[in-house]
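Structure record follows, encoded as structure tokens.
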Amino acid sequence: MGTDIKTNKQRIKGKHIKHNPNTEQLSKVSNETTFLVKSSTPFVSALKKIQKILDKFDKSVSRSKKYQGGEYKKIKYITVKGMGKCIDKTVSLGLHFHEEKQHKVDILTGSIQVLDEFILGNSEEESDDNAEYSSNQIYKKRNVSYVEIRIWLEGA
Amino acid sequence: MSSSKPSVNSRKAKLYNSRKIRTDLRDPSYKEGKLSVPDFLSAREYEIKSFELSQLNSKYATSTRCFQSLPRTLRRRTASHNIKRIPKRLRAKALREMQNTVTGVPAKKKHSRGRQLYRLKMKKKLLMLASRIKSMRGLPESRAFNLDLKLRDKLKLLNNQIKQLQTDKEPVKLNNALGSYDNTGVNDFAPKPRGNLKYSKRQKDFVWTPTHIWHAKRFHMIKKWGYQIPLSPSQKCFRSVSRSSRNGSVLFETSYYDCMTVEFGKDSDKELFFKHITQLKSIQKKLSKGIVSYEGWIYMNETKIGKGLVYTSDKTDQLLLRVHPSLFEELFLYVKNLAIFESSFTVYDCRYSIGSIEVSGPRAVHTISKVLHLTDTPKDIHEKWFKATKIHDTNVISPGTTFAFHTQDPRIYKSPIQVPFKEDFDKTDFVIDISTNSSVDHSALSSLLDRNGRYHSYEGQLSIKELGKEFRHAQVARSKSKVPIMITKLRDTHNWCIICPWFWTQPIWLKLCQNRHISLGGLKQQHQLAFERSKGFYPTDFPFLKEGWLENNFINKCNQDLYNRKQRSKRPNYEKSEGHISPFSCDWEFLQKLFYVTRHADATELQKINNYGSYDENLVRSLVSVNDAMALVLSLKHTEGIPIELGRKEHLRAQTPFANTTSVQGTLPRLLVRQVSVAVIGKGSISDFARIYKVPEAQDNADSPPSSKDPVITDLIGFVTSGTFNITAGAASGVGCVAANFASDSVLIRNVGCSSFWPARIAPL
């Protein structure tokens, strides 16, 4: 996630709160089949986590019937998403599953709107506790590119 | 949740055992090829009997009652004998199981006789009279509730009242069949709500919240602050509540939070009061226009007494103040006697006339919207509300955002439904819009804050019976009621708080509980969620306030009693690990004395090796070693009152942790503290009352033993008020207080009764 606001010439001084672009509630199934990559996600733990999800819904091994029938029947791939700074990591995750694990992998790109909140401090006047009520906030929209990796399940 | 059915194997084994028949193999009756039948029979008597017994055994061994196979959430305490506690689909089976096997009819219950029966009959009569009065739109006389009258006198009283009502001597007080009325105190405390006459004695001292009966069946209740408050569900819920606070919603009934409204003649007075109570230097437009609500510290005589909610708007002359019940009475009297205003003002005690429900979690608005059906609301507010339900992120909509609108009676929709809104809209634009423009319908707001408005909202409130009729006759059920409701997002907890008239709380609550994928919580769950967000929970995590201090003392006493009740051999040896600090709670008094003693001496310079005490010529002990410091601490008098105080910004990181070093009338000055959240670095555990030490400076001399790296008692800087394993973080964390002048962020934590120290990081709350 880039911190500079390139569209604005002047840099806004103040506390910067970055809001999550995922404001919509995902359905139960898509919640379980989506993995979001953060800049703080270690590469190997992401690998392990994704492998776990893949194993959970694996069609070729009849491990547990719970995740094969019903609403889970239609699952064909799992989604890995990363934006901004993590695009690199996300793509290498996808390539790992493509090259090493021989999964079919799709890579989609796009951009998404995120919201930046700036709290302009004049907290000198007020005591610490009431700083929120004495300061102004500015909202700015920003577009960030993202990459979405679809790792297809074996036998799907 | 898995039902606790015994596993298949164990059931099989049980069945197999019950079929095993014991046999007697010796056979003396069989002699010389002839069988003597009477001998044979008498010899086989044991076998035959055990055979019959085993038949019976195998019949009953695996027999279970049908309610035993229900999931835990559907099981009820009285399901074994009360058919109504079992889901409908199982009732026929349950009835069969319940029947007496001999005659096929359930056994008759014994009924009471004599004096007991008489009393029951009289009680029934009393209730009939009370409900008669209610149906005649009168309130049963307050004397029947408050005075300690005999049953017969109460009957007489009510009979007289009925006569009066029949002759139109008494004015009609109720405007509905349910008995809802507005119970507001004007410039005075409101009388306690009476409730149903049948249960009036039990709610005399501790008021029942509107959903008390619902909660009492499902929750452990606690009597506190003049209310009966739900403590925690009787079912296990620790993990499920945490999970649904992250991706579902959790409901809390918080009607025990006390509201007051203040009505001003002049707008300038209102602003003056707002500034006075919150100590804000200026009231911003978003606060005065009612776009956002204030949730933060409330001040009395310029000292913090606790946190509360303040809300007002430019189109109303009322101001709403919602605080914790432990603060209310003091604050009410303080506000009533304030003499800073130009014109007259009125204070209304709305403790028992405004109720509230808090909903936490990302789906909170979504859950609420399925139950509330807006009516007579301006189109833009309607649309904003619909849009807000589509946002499922707790952090995006800024805290303080407030809605107010009229809704229909929530009960006329049989089940929760999705809002009819499927438009696509730009969510970022919406967030910007909602934070800059008001979403408050002022007519709803003023009728919520005004006692006549609340009274009118009860007009024609349907009883269950009338509601049933409505469902039977009309195609679409209708109700005349218009319920004014205010919904605001709280700052600390990120909960959405529904504020509504007292007698509408229960209908809304019951409908909210029909939602799927929700969790329910009490006080303990509120504490748990606050802890998981690394926020303080009032009063436990605010030991510098009066209520927190009392709570700390109370916990101390409870734990001490528990300890004393144990056998001597089972008691942990605290003396070795804790020394003179109380192991049963946070010992703030000790910390205060310790800081007072060591304020001039540099703690690192104190010798750690046990020397003899040294005295000067006046026989005053000089501070040379740690032991000297301890001896001085123990020689100090017991502190009366609260030993600590929350430091202000200018106090923090000052040279001395005391605001005024001069002792007043022989008492020690209060130690200034600041609230912090604690998280361990790497391995480690934190429990309640864990001690926080500063990291001792590395000692250069190599000959000192390695154990000297551990901090000593003079390095103590604070305590953890609530700490445990945090399942959202996956590591131990806590909330506590440390001395205000401690500037670094790395500390060492030691749990009560332990000798190991865990490195941890502290951050301001």
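The values are calculated or read from the model by the stated rules, or taken from the named source; none is laboratory data. Since the model is a prediction, treat every value here as computed from it, not as a measurement. Every residue, glycine among them, receives a Cβ derived from its backbone with ideal geometry; neighbour counts consider all protein chains shown.
Matching residues to (1) without any contact (Cβ under 8 Å) to a residue 24 or more places away in the chain; (2) more than 14 Å from every other protein chain (Cβ to nearest Cβ); (3) more than 23 Å from residue B:501 (Cβ to Cβ):
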residue	(1), (2), (3)
B:330	no, yes, yes
B:337	yes, yes, yes
B:343	no, yes, yes
B:346	no, yes, no
B:387	no, no, yes
B:399	no, no, yes
Of those in region A:74-117 that are within 14 Å of chain B (Cβ to nearest Cβ) and surrounded by 14 or more Cβ atoms within 10 Å (Cβ to Cβ), the residue farthest from residue A:58 (Cα to Cα) is A:117
Would you confirm, using the coordinates I've provided, whether residue B:393 is out of contact with any Gly (no Cβ under 7 Å at 6 or more places or on another chain) and at pLDDT below 90?
yes
Within region B:436-485, of all residues that are of a type in the set (S, T, N, Q) and assigned to a loop (DSSP other than H, G, I, E, B), the one surrounded by the most Cβ atoms within 10 Å (Cβ to Cβ) is B:461
Exercise. Got at least one residue in region A:139-147 being more than 14 Å from the chain's Cα centre (by Cα), at pLDDT 90 or above and away from chain B (no Cβ under 14 Å)?
Worked result: no
In the set B:685, B:677, the lone residue that is part of a loop (DSSP other than H, G, I, E, B), in the same structural domain as residue B:587 (by TED's automatic domain parsing) and modelled with pLDDT of 80 or more is B:685
Inside region B:362-385, the number of residues satisfying the requirement of being away from chain A (no Cβ under 14 Å) and part of a loop (DSSP other than H, G, I, E, B) is 7
Next on the checklist: Being under 15 Å from the mean Cα position of the chain (by Cα) and farther than 20 Å from residue B:532 by Cα is the requirement here; does residue B:260 meet it?
Outcome noted: no
For residue B:491, the lone unmet condition from (1) surrounded by fewer than 24 Cβ atoms within 10 Å (Cβ to Cβ); (2) within 18 Å of residue B:369 (Cβ to Cβ); (3) over 16 Å from the mean Cα position of the chain (by Cα); (4) not hydroxyl-bearing (Ser, Thr, Tyr) is (2)
Of (1) within 14 Å of another protein chain (Cβ to nearest Cβ); (2) buried (at least 23 other Cβ atoms within 10 Å of the Cβ), residue B:289 satisfies every one except (2)
Can you confirm whether region B:198-207 contains a residue that is in contact with a His (Cβ under 9 Å, 6 or more places away or on another chain), under 16 Å from residue B:519 (Cα atoms) and not assigned by TED's automatic domain parsing to the domain that holds residue B:74?
-> no
Exactly one of B:283, B:277 is within 14 Å of chain A (Cβ to nearest Cβ), among the aliphatic types (A, V, I, L, M) and surrounded by fewer than 21 Cβ atoms within 10 Å (Cβ to Cβ), and that residue is B:283
Of (1) more than 29 Å from residue B:190 (Cα to Cα); (2) crowded, with 21+ Cβ neighbours inside 10 Å; (3) more than 14 Å from chain A (Cβ to nearest Cβ), residue B:416 satisfies every one except (2)
Counting only residues in region B:419-435 that are over 18 Å from residue B:487 (Cβ atoms) and surrounded by 14 or more Cβ atoms within 10 Å (Cβ to Cβ), the one farthest from the other protein chains (Cβ to nearest Cβ) is identified as B:429
In the set B:609, B:642, B:692, the lone residue that is part of a loop (DSSP other than H, G, I, E, B) and at pLDDT 85 or above is B:642
Within region B:318-352, the count of residues that are buried (at least 21 other Cβ atoms within 10 Å of the Cβ) and among the acidic types (Asp, Glu) comes to 1
Within region B:380-394, the count of residues that are over 23 Å from the mean Cα position of the chain (by Cα) and more than 14 Å from residue B:420 (Cα to Cα) comes to 5
When region A:22-39 is checked residue by residue, the ones that are modelled with pLDDT of 85 or more and either within 12 Å of chain B (Cβ to nearest Cβ) or closer than 21 Å to residue A:89 by Cα (or both) are A:31, A:32, A:33, A:34, A:35, A:36, A:37, A:38, A:39
Within region B:359-384, restricting to residues that are without any contact (Cβ under 8 Å) to a residue 60 or more places away in the chain and of a type outside the set (Ser, Thr, Tyr), the one that is surrounded by the fewest Cβ atoms within 10 Å (Cβ to Cβ) is B:379
